[in-house]
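Student: Okay, handing you the structure first.
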Amino acid sequence: MLDVVDVTGGARNFTYANDNGGAFALLAWLVSFSPPLRTWVYILSPIVLFLCAASGLVRIIVRQQISPLRRLRGPRSPSFFTGNLAAMHDQENNNLIATWENEHGPAFIYHGLFGGARLMITDPRAVAHVLGNAYEYPKPDFVRDSLASMAAGHDGLLTSEGEQHRRQRKIISPAFSAASIRAVMPIFWEKASELRDIWLRIVDDNEGADPLPFSKRNDEQACTRIDALAWLGRATLDVIGLAGFGYAFNSLTDESNELALAFAAVFSTARKFRVMTILQAWFPILRIFREENEVEARTRAKIRDIGLGLISERKSAVITESFLASSKTDPLDIGKDLLSVLIRSNLATSPAQQMSSEEILCQISTFMAAGHETTASALVWILYGLAIHRDVQTRLRDSLKVLLPTSPNLNDELQRHEYLDCVLREGLRLYAPVSSTMRVCESPSGWDEIPLSGSVTDKYGRVSTTVRVRRGDIVSIPIAAVNRRKEVWGDDALEFKPERWMNLPPSTNSIPGLWSNILTFLNGNVVNGNRSCIGYKFAITEIKVFLFVLLRDLDFGIDPSLVIERKVNVVTRPCVKSEPERGNQMPLLVRRVPDVLPLSPPASPECIRHEENPVSLQPLTWPDIHKLGDVLTIH
Ligand code: HEM
């Protein structure tokens, strides 16, 4: 999905397998098992490397000279070798893209390896054009390789392209319909409540956490430092395991859960700027020298094992059920949950409906990874926004407290809750979990003219309303920077202000986002390729339930002396600047919500939104939770 390697020059590792990588995989295997061959490889590799580097260099320089992109303006390249990649390494924390956009306009170039120019677009129409023609602008192969190595495999929805992607998307979509999400709602409630209870216990016992004196928080009640990131990662993994595949990771209760730890490790390594990784992106042959990342390999193997088990178990269930239901017109028409949808496609006979076993295994790992890390990141950043804007947190909690947990319409009320919706949109706007993505022009005609909503002035002073790209040109889409454009959101675009969603200016309609006019879930076009997030409704519903459950009983703050930085490794995760040794973390200060007024029922939906008096509610109980699942509707 993402600028895993190249936008920032960060270092993701690669697997041996890649699009043209069967040979590399074989060579790597031989090298590891055959000492004589290894000697030859060591002797010949400098020569091969030299030839590759020379031909690659010539290729890049020639491309650069004939690329129409060279006319565009952009930041000065400080290094012929690595261009602007080193400067972009910390872009999430220094607003670099916005600075460049201010200087050069909404379509400009930056430089990569050996001066190669890449296009960066923040212009809404240009972004819509590239994303709306997804099959003419696929992900570059090094991005797909990188994603595949992290868990997704090469044949999953995230990494497939063209007709394979179109077929997979069509088959999988029913698993993300409103009805399907409604069916898994009880799992959201169950896991949110489990997490809340764990945090309440930690707060009460101060167990395993650093209790902070009230002086730190300047308030009367001591609170407990909890790494919200780690816990939310576990909770969302449990959710996708159960909701997608009926698989219980139980990672909230089992702290040593192997897969939870492996996922956390895969995504925890922040991108590092490594020249070798950049070279590997351009010269696939160099990937045979990559040291296999042990954690990634273990994660892949573990998910594969789980996937194989799930497939065989569900296949026999589906076959039995089909047999019993053989009177139906379509005997495989059973179950709309993700795993059933996948298994059905594996058993289908029509090529348009069919997915191979390898594809299904890749989908399982894709959804396990894509379905939990992103949501955990979104939740953790929203909680952070609420921790530093305590007025917003109080307002949200007060407005949520008037929702009755026993109400048969609680799910509807929650999804419709105006202020919760504003907080969610603002959180996802300001803290987009996936901060950028990358595409490459593969237009069949060999070039394309990308339209702009405004115009750009090139190096020679010529004004144009389009940007011409050639086949092979790389286009970067900085999702987070697009979401924070001052042209759209005003001077306070970088601030967390949920209220802005209450009176939206009409100009926001011009943002080409799939959801809520922001680019957080990307957008797409069913005809020419839809690469938008297939799980966005799932994520939104899950986040709302978690916020509701957590905020009713827990109060979140943060030590103001800590500087929280963003670290990107596919998703954007927080890290404490002064505690790099602790890796990614979000140390929130948590305490029980102090007792407030007794419960009183809301008079009407309007009252729910404008209730002034906060009321206290009892924690949700299991019977309530189960009832909720039956009455949910998605908006
Ligand atoms: C707040 C949470 C989430 C965010 C911000 C998010 C964001 C994104 C983005 C930006 C993409 C496009 C990546 C690219 O093409 O470069 C994407 C794709 C995808 N997402 Fe999400 N996602 C979230 C939650 C989920 C969930 C819960 C699931 C599944 C249960 C999911 C499954 C996927 C899949 C399978 C794709 C690939 C779609 C395709 O290419 O057709 N995502 N997501």
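Student: Anything in region 399-429 that is under 30 Å from Ala480 (Cβ atoms), of a type outside the set (A, V, I, L, M) and away from the ligand (no atom under 13 Å from the Cβ)? List them, or say none.
Tutor: Selection gives Ser399, Gln415, Arg416, His417, Glu418, Tyr419, Asp421, Cys422, Glu426.
Student: Could you check, for region 352-365, whether at least one of its residues is within 14 Å of the ligand (Cβ to nearest atom), within 16 Å of Val570 (Cβ to Cβ) and within 14 Å of the chain's Cα centre (by Cα)?
Tutor: no
Student: Then there is this: Of the residues Leu158, Leu200, Leu195, Leu147, only one is under 25 Å from Asn250 (Cα atoms), crowded, with 21+ Cβ neighbours inside 10 Å and in contact with a Leu (Cβ under 8 Å, 6 or more places away or on another chain); which?
Tutor: Leu195
Student: Filter region 566-596 down to the residues that are among the small types (Gly, Ala, Ser) and surrounded by 14 or more Cβ atoms within 10 Å (Cβ to Cβ) and list them by number. Write out each step before concluding.
Tutor: In the first step, residues of region 566-596 are kept if they are among the small types (Gly, Ala, Ser); the result is 578, 583.
Listed by number, the list holds a single entry, Gly583.
Student: Scan region 86-108 and tell me whether some residue there is within 16 Å of Ser532 (Cα to Cα) and in contact (Cβ under 8 Å) with a residue 12 or more places away in the chain.
Tutor: Here is the first cut: in region 86-108, the residues within 16 Å of Ser532 (Cα to Cα) are none.
Checked against the condition, which is being within 16 Å of Ser532 (Cα to Cα) and in contact (Cβ under 8 Å) with a residue 12 or more places away in the chain, region 86-108 yields no hits at all.
Student: In region 536-552, which residues are near the ligand (Cβ under 9 Å from one of its atoms) and crowded, with 22+ Cβ neighbours inside 10 Å?
Tutor: The answer is Phe538, Ala539, Ile540, Glu542, Ile543.
Student: Right, another one. Cβ-Cβ under 6 Å, sequence separation 6+ or interchain: first residue in region 488-502 and small (Gly, Ala, Ser), partner surrounded by 13 or more Cβ atoms within 10 Å (Cβ to Cβ). Which pairs?
Tutor: Pairs found: Ala493/Arg484; Ala493/Lys486.
Student: Then there's this: Scanning for something more than 16 Å from the ligand (Cβ to nearest atom) and within 27 Å of the chain's Cα centre (by Cα), does region 430-441 turn up at least one residue? Don't jump to the end; show me each part of the working.
Tutor: From region 430-441, those more than 16 Å from the ligand (Cβ to nearest atom) are none; that's our starting set.
Checked against the condition, which is being more than 16 Å from the ligand (Cβ to nearest atom) and within 27 Å of the chain's Cα centre (by Cα), region 430-441 yields no hits at all.
Student: Anything in region 141-163 that is away from the ligand (no atom under 11 Å from the Cβ), touching a residue at least 60 places away in the same chain (Cβ under 8 Å) and at negative phi? List them, or say none.
Tutor: The answer is Asp141, Phe142, Asp145, Ser146, Ala148, Ser149, Met150, His154, Asp155.
Student: Could you check, for region 505-516, whether at least one of its residues is assigned to a strand (DSSP E or B) and at pLDDT below 90?
Tutor: Narrowing region 505-516 to residues assigned to a strand (DSSP E or B): 515.
From what's left, at pLDDT below 90: 515.
Checking region 505-516: at least one residue is assigned to a strand (DSSP E or B) and at pLDDT below 90.
The values are calculated or read from the model by the stated rules, or taken from the named source; none is laboratory data. The structure presented is a predicted model; accordingly, all values stated were derived computationally and were not measured. Virtual Cβ from ideal backbone geometry, glycine too; neighbours counted across all protein chains shown.
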